Amino acid sequence: MLKKLNDAMEYIEQHLEGELPLEDISRYIGVPDCHFRKIFLALTNMTLNEYVKNRKLSQANKELLQGASVTDLA
């Protein structure tokens, strides 16, 4: 199952700029939505939405440190 989680996280990283519906991620890794949701929470101790939000905030912070404007990131 860790392989599937790694695949999901790679998918999230590749699509961080857009929308990331649970259905798309679970379809990509070949696991039913409800099962993936439970496994993700158990292995990461956070919901998928929390993880995606944290990754987007981290990416925005990185871009701010590299000189991007707040307006551009918003």
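I'm trying to understand the selection: among the residues of region 1-55, which are among the charged types (D, E, K, R) and within 25 Å of residue 73 (Cβ to Cβ)? Listed by number, the residues that qualify are 10, 13, 17, 19, 24, 50, 53, 55.
Name the residue, out of 74, 68, 60, that is of a type in the set (Gly, Ala, Ser), farther than 19 Å from residue 2 by Cβ and in contact with a helix residue (DSSP H, G or I) (Cβ under 7 Å, 6 or more places away or on another chain). Quick ask: steps written out before the conclusion?
Numbers: 74 fails: in contact with a helix residue (DSSP H, G or I) (Cβ under 7 Å, 6 or more places away or on another chain); 68 fails: in contact with a helix residue (DSSP H, G or I) (Cβ under 7 Å, 6 or more places away or on another chain).
None of the other options fit; the residue is 60.
If you check every pair at least six apart or on different chains, which have Cβ atoms under 8 Å apart with a residue in region 21-45 that is touching a residue at least 12 places away in the same chain (Cβ under 8 Å) and surrounded by fewer than 11 Cβ atoms within 10 Å (Cβ to Cβ) first and a residue that is charged (D, E, K, R) and part of a helix (DSSP H, G or I) second? Short answer, once both residue conditions are applied: 30/4.
If a residue must be open to solvent by 60 Å² or more (accessible area, probe 1.4 Å) and within 10 Å of the chain's Cα centre (by Cα), how many such residues does region 48-61 contain? Residues meeting the conditions: 5.
The values are calculated or read from the model by the stated rules, or taken from the named source; none is laboratory data. Only a predicted model underlies this, so the values are computations on that prediction, with no experimental measurement involved. Counting neighbours? That spans all protein chains shown, and the Cβs are built from the backbone with ideal geometry, glycine included. Note: areas computed on protein heavy atoms with side chains; ligands, DNA, RNA excluded. Shrake-Rupley method; radii C 1.70, N 1.55, O 1.52, S 1.80 Å.
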